[in-house]
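Values in this text are rule-based calculations from the coordinates and carry no lab data. Quick caveat, the model's predicted, so the values are computed rather than measured. Backbone-built Cβ (ideal geometry, glycine too); neighbour counts: all protein chains shown.
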Amino acid sequence: MSFPAFLRTRWAALRPVWARMLQRPEKLLSLHSLLWAFIAAGLAMVLVVLVLIPFTPAISDIRKAKTEQPAQLVAADGKLLAEYRWVNRAWVPLAEIAPPVVDALIATEDHRSL
């Protein structure tokens, strides 16, 4: 049996059950139904956590990735102009930065400047 055929047979079996449930909506909000909904939601959250934990990087891996990848300045033709790493960056006061550079940074970050 193929997967679409399996879904069709499953849907055909569940259609009368859903029709009965929708005819009596008070059954959907019964204590028994809410309990099962909470149990199902809890199990789904546990399952998602158990599935995602192996794929989540460790904090040390994230720190390494931040320090190992330099910022690169690339020209329009794809030529690498400069490469900036944490070790060769120099902190300068805002007063030493040219006003057009500050204006350009604000224009890229501020949505009101458009």
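Just a few scattered comments:
- Mean ellipticity per residue at 222 nm, deg cm²/dmol - from DSSP H runs of n ≥ 4 across the chain, formula -39500 (n - 2.57): -19000 deg cm²/dmol
- Global form of the stretch 3-55, assessed from the alpha-carbon gyration tensor, a/c cut-off 1.5: oblate
- Taking 7 Å steps out from each Cα toward its Cβ at L81 and V102 produces label points 2.2 nm apart.
- R0 of 41 Å, Cβ-Cβ distance S60-L94: FRET efficiency to nearest 0.05: 0.80
- Helices that extend 24 Å or more along their long axis by alpha-carbon positions and average at least -0.5 on the Kyte-Doolittle scale are, among the DSSP H runs of the chain, 3-23, 31-52.
- From the coordinates shown, mean projected area of the Cα convex hull in nm² corresponds to which of [x] 7.1; [y] 17.8; [z] 9.2: [y]
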